Each structure stands twice: as C-alpha cells, then as structure tokens.
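Here is the structure we will look at, set down as structure tokens.
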Amino acid sequence: MLTRRRVIAALVVLVIAAAAYTAWLLYAAQRDLRAAEADARALRAAVEAGDDPGAQRALDDLQDAAGSAKDHTGGLWWRALTVVPVYGDDLGGVRALSASLDEIAEGAAPGLVGLTDDVDGLVADGRVDLDGLESVSRRVATADTSMQKALAEVADEDSADYVGALRSRYDDYVDLVSETADALHSARTASEVAPTMLGADGPRDYLLIFQNNAEIRSTGGLSGSWARLHTENGRLELKEQGDASDFGVSAAPVAPVSKEENAVYGDVIARYFQDPVMVPDFPRAAELFDAFWTSKYPQTDLDGVLTLDTVGLSYLLRGTGPVTSDGYTLTPETVVQLMLNQVYLDVDDPRKQDEVFTSVAARIFGAVTTGVTSPTELVKAVDQAVDERRLMVASFEDGLTSKIRGTRIAGELSGDDGATPHVDVTVNDATGSKMSYYLDYDTEVRATACTNGVQDLAGTMSIRQTISAADAAKLPDYITGGGDLGVKVGSQQVQVRLYAPYGGKLGSVFVDGVEMPRFTVATIDGRQVITLTLVTDGSKDVDLTWKMTGGPGQDEAGELTATPKVTPGRVGGVFASAC
C-alpha cells in the first residue's frame, strides 16, 4: 500500500512539475516573442532613419530575444506538446514562428544593417561604382537566402485552427515575411543584372520610355517622351531624346501583330508609337518598341527597353531634392500635377509641350545620376515604383531575360502560374484627350466558392471622374479632346479590359446593375478577355461587376493586377482562396 501511495504521489509531482514547466515555457516564449516584436520595430525605425548605432543595438536585442524564443520552443518537450489535442497545432505554429524569427535575426537582418553606408556614394558624377555595387549585391544575396528560409519555416503551417489571437498575428507575420522575401528577391535579381546593364561587360543601349498618365494606357500612360540610355563601365548617358511624333504613324505595322492581338487591341499597337503600352505584357510591348526604333535608327541595336511613368518619376525626386526645368520647380508633391495638367493649361502648342517633357526628363535623370541627396530614399523610391508596376525593364539578352522573368519589374501578363489564379484589369483612354488626370477607380476581386479545385471569382470596379462635367468643359480642347472622337466635352470615355485567369472563363458582366448583352470574348495566350467601353462625367460612379472562374487546379490565393492610377499606390493585390 505504501509503495502504491509513493508511486501515485510521484506521478502527481511529475504532473505538477510538467504543468509548471509547460506554463513556464509558454510564459517565456510569449515574453520572448513580445520583446522580439518590439526590437524588430526599433530595428526598422533605426534603419529607415539611417541610425546605424541604433540599428545595431536593436539587432543585438532582436537576436537575443529571437534566439531565446527558439530555444524555449525547439526542445523535445515543446515538440511533444505539439501533438496534444486541441492546442497542439497552435504550439506548432509558435515553434515555427520562433524558428523563422531567429533565422531572420541571425541571417537576414545583419546583412541589411549598415547597408545604407554601402549604398551611399554608389552613384556619383553620372557613374555607378560597380565595385560598390558588387558589395551590395553580396549582402542582399545573403539576406535573400536567409529570408527564403525564414519564409519556408512558416509558409507550410496551416493556421486555420489556431486560436483567434494567434491566428491573426501568425497570418500577419507570414504576410510580412512573404512581402519582404519578395522584395529582397527582386532586389537580389536587380543587383545581379545591374552590372551587365550598366556596361560592365561592354557598352549597352536602352530605349527609355516615359509614360504620360494623363492619357491612360494599360501599363500606366501613353509613351510620349523617349530617350536612348547609353551605359558603359557604370557610366550612364542620355543620347538622343524625342517624343512620339518623331516616329510618325506607320501605314503598316512595324512588326507582325498576331490574330489574337488584332482582335483585342487592333494593329494600332504596331503603327502608333504611343500605343505598344496598350498591351499589358511589357516584354511584348518592348518588342514593338524595338521594331519602331529599328525602323528609324537601324544603325543602333537596342539591348532592352525601360519604362517609367510620371508618378514613378515623382518618387525618384524624394532622393534628389527639387529640380528646376522650364520655369517649373519639380518636387515629389508637385511634379505630377505640373506635368500631367499644368503644362497643358500653360502651353498651347503640343510640340512645345513635348519639349517641356523632354527637358524635365533630362533634368531629373541628371539629378538621379549626379545629385542624389538621399540614396536610401532613392532606393525606396525605385522599390515603390517597381512594386506599383510604374518602372519596368525588358532585356533582349537571354541571360538577363531569364533572371528578370517572373519578377515584378518584368511587367509580364501572367500565364499559367500553377495553383495561383491571376485576374488583370486594364484601363485605356478612348477620348483622345488628357482627361485621365481626372480619372479615378477602385477594383477588387473575391473568391466566392470552390468546386473540385476551380474557384468562382466575383469582381467589382468603380470608375469616376474627379471633376464635374461643367468644370471640365471649361478646360482647353487639348485636355478635353474637343469632342473630336464623338465624346461629349466634359466627360471621358475609357476602355476597360477584363482578363480571366489562365484556363478560366468569363461569366456575366453588369454595368450599373444592368447585365451586358452577349459580348465577344477573345483569347490572349490562354486567357479570356473582353473589352468594355464606358463613359464617366463626374456626376456619379460607374459601377462594373463581373463573374469569372479560375482555371482547373488554381486552388490557392489569387492575385489581382490593375493599371496604375495617376495617384500613388498599388492597384490590386492578393485575394484569399475559397478552397
């Protein structure tokens, strides 16, 4: 009897000890993770402020807290707890999060602290320091590798059954790590291809297209001003400069236009220099630009095409300070209004307007290559422009093309992307005007159901003119279009194109609640597309709704991509899966 009591007492003690140890582990892990969260915020603030000593202190604290969290959640006892019914999966999530955070603290973050010093001085006197760029590239590559490992720790965990507070914070963490990993991978790609593009292996020539958002096109705005960018051993120079009128209107397409393209866009994409950017696939638009270039400048072969819209140009000014050109003082806050609206109010002659745009482009390019006041802000500006698809690059060199492919800077119209359904919405001016400065819109896609791996998708888009018809009618004809294309002065007409996911199907479409009659559905590279012509005059929003399906097997979260607007910000984003 005494032995039995001793055994029971010992078991009770063990249970109490186990419970106490478990409670202590839970408390310690929670304490460590909260401390790590605060340290991560401090690290980010210090890095953004350029406070390297503060960043190092915050990094040291983050490494201590994250390492402690990993130690507390990585032992055999915690692993055993992950199989306990009800709360075991939650504890597995905490273990994965702690391991991921420790990887970031030890692997990715150290390479990013102090990176500002490496970036400073990279660009001076019109030349990029290629040796300095190589140093930056090595640090970014190390950080990218680590961040991919950190993402892998948490990406495969299913948080659906976690308790509410943990689920939301866990999902937020995964989203943040995923976004950071994407950004770092893009930065790594950019740093790896940059030396070749900058002429490290011999001179290169690129056509630089400045998109004018005042007359909207699928990728942002019509291709108005242009320049040839010559690079050699890190030095950058603008050679020939001009505008779309230099290429005139070609009687026949300068390059073959496929039957699919002709059905959707018409052959104008290969006859008007302004219109290759009607095609939302920038690599294809670049091919058309190359054909235009060859038709006029056959003596100079292009190595690629770059494009930047006016809003993206405004971001670059955050790293240079104000720039003065043609009597205008251009700042991040004023350049969009000045270039996309004020110039048309001040200058009647289109040729002189184009001269202003060409001059502004040259001045800002000069500031970026010789007068950078904040390299960190310039890097952040470029990253934002790429993220919003305002800055895109197409290379005609196989080695570089393969590296750029699939990144955001490539500006591709997605094809078959496995389990991810892609929806694209593009907007093009159909007024022959500069009224897109007064155009705004919002668009959203939701997955509403999932049947055998095929998702039902519902989309909405609200389009509005931000100036009343009466006030718009007082604007110069060059802005309003003067009614030349049959559009009432004071309003604007736009073409909206809806692209279903690869292998998916378009369903019903409604405009202001009225179902559209049977429409012609075209196909571009395995994606169904329709074109809708809408008119907005500022009196009310035009509401567009539609239904479509994803392709078979596209059962994961989807992505909506839409034409950039004249205001900062990314249009579109990720939408949750219904499967």
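Quick check on this structure: which one of Asp281, Asp275, Asp243 is free of Cβ contacts under 8 Å to residues at least 60 places away in the same chain, farther than 28 Å from Gly202 by Cβ and not small (Gly, Ala, Ser)? Before you say what the answer is, go through the steps one by one.
Numbers: Asp281 fails: free of Cβ contacts under 8 Å to residues at least 60 places away in the same chain; Asp243 fails: free of Cβ contacts under 8 Å to residues at least 60 places away in the same chain.
Among Asp281, Asp275, Asp243, only Asp275 is free of Cβ contacts under 8 Å to residues at least 60 places away in the same chain, farther than 28 Å from Gly202 by Cβ and not small (Gly, Ala, Ser).
Residues checked against (1) hydrophobic (A, V, I, L, M, F, W, C); (2) surrounded by fewer than 21 Cβ atoms within 10 Å (Cβ to Cβ):
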residue: Ser218; (1), (2): no, no
residue: Trp226; (1), (2): yes, no
residue: Glu237; (1), (2): no, yes
residue: Ala263; (1), (2): yes, yes
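Somewhere in the range 527-549, is a residue surrounded by fewer than 16 Cβ atoms within 10 Å (Cβ to Cβ), farther than 20 Å from Ile463 by Cα and touching a residue at least 12 places away in the same chain (Cβ under 8 Å)?
no
Within the range 462-484, how many residues are surrounded by 14 or more Cβ atoms within 10 Å (Cβ to Cβ), farther than 13 Å from Leu439 by Cα and not aromatic (Phe, Trp, Tyr)?
5
Just to check your reading of the model, which residue among Val128, Val83 is of a type in the set (Val, Ile, Thr) and at pLDDT below 85?
On the way: Val128 fails: at pLDDT below 85.
Testing whether each residue is of a type in the set (Val, Ile, Thr) and at pLDDT below 85 leaves just Val83.
Would you mind finding the one in Tyr170, Tyr162 that is part of a loop (DSSP other than H, G, I, E, B), surrounded by 15 or more Cβ atoms within 10 Å (Cβ to Cβ) and on the phi < 0 side of the Ramachandran plot? I'd like the intermediate steps shown before the answer.
On the way: Tyr170 fails: part of a loop (DSSP other than H, G, I, E, B).
Answer to the check: Tyr162.
Looking only at the range 101-118, filter to residues that are at pLDDT below 80 and among the charged types (D, E, K, R); which one of those is surrounded by the fewest Cβ atoms within 10 Å (Cβ to Cβ)?
Asp117
So how many residues does the range 255-287 have that are of a type in the set (Asp, Glu), closer than 18 Å to Gly224 by Cα and part of a loop (DSSP other than H, G, I, E, B)?
Our first condition is that a residue be of a type in the set (Asp, Glu); within the range 255-287, this holds for 260-261, 267, 275, 281, 287.
Still in the running and closer than 18 Å to Gly224 by Cα: 275, 287.
With part of a loop (DSSP other than H, G, I, E, B) added as a condition, the list becomes 275.
Residues meeting the conditions: 1.
Looking at Asp118, Asp172, Asp102, Asp156, which one is closer than 30 Å to Pro203 by Cα and not assigned by TED's automatic domain parsing to the domain that holds Phe365? Full working, then the answer.
Numbers: Asp172 fails: closer than 30 Å to Pro203 by Cα; Asp102 fails: closer than 30 Å to Pro203 by Cα; Asp156 fails: closer than 30 Å to Pro203 by Cα.
Checking each option against the conditions leaves just Asp118.
Quick one: in the range 495-520, which of the residues that are among the charged types (D, E, K, R) and closer than 30 Å to Gly418 by Cβ is farthest from the chain's Cα centre (by Cα)?
Going through the range 495-520, the residues among the charged types (D, E, K, R) turn out to be 497, 505, 512, 515, 518.
Filter again for closer than 30 Å to Gly418 by Cβ, leaving 497, 505.
Working: Arg497: 20, Lys505: 26 Å.
Per the criteria, the residue is Lys505.
So how many residues does the range 265-319 have that are farther than 19 Å from Thr426 by Cβ, touching a Pro at 6+ places or on another chain (Cβ under 7 Å) and charged (D, E, K, R)?
Count: 2.
Output the number of the condition that Asp125 fails; it satisfies all remaining conditions of (1) under 24 Å from the mean Cα position of the chain (by Cα); (2) touching a residue at least 40 places away in the same chain (Cβ under 8 Å).
(1)
Quick check on the range 432-461: of everything there that is surrounded by fewer than 24 Cβ atoms within 10 Å (Cβ to Cβ) and polar (S, T, N, Q), which residue is nearest to Gly406 (Cα to Cα)?
Thr443
The values are calculated or read from the model by the stated rules, or taken from the named source; none is laboratory data. Every value quoted in this text rests on a predicted model; they were computed, and no experiment measured them. When we count neighbours, we look across all protein chains shown, and the Cβ atoms used for this are built from the backbone with ideal geometry, even at glycine.
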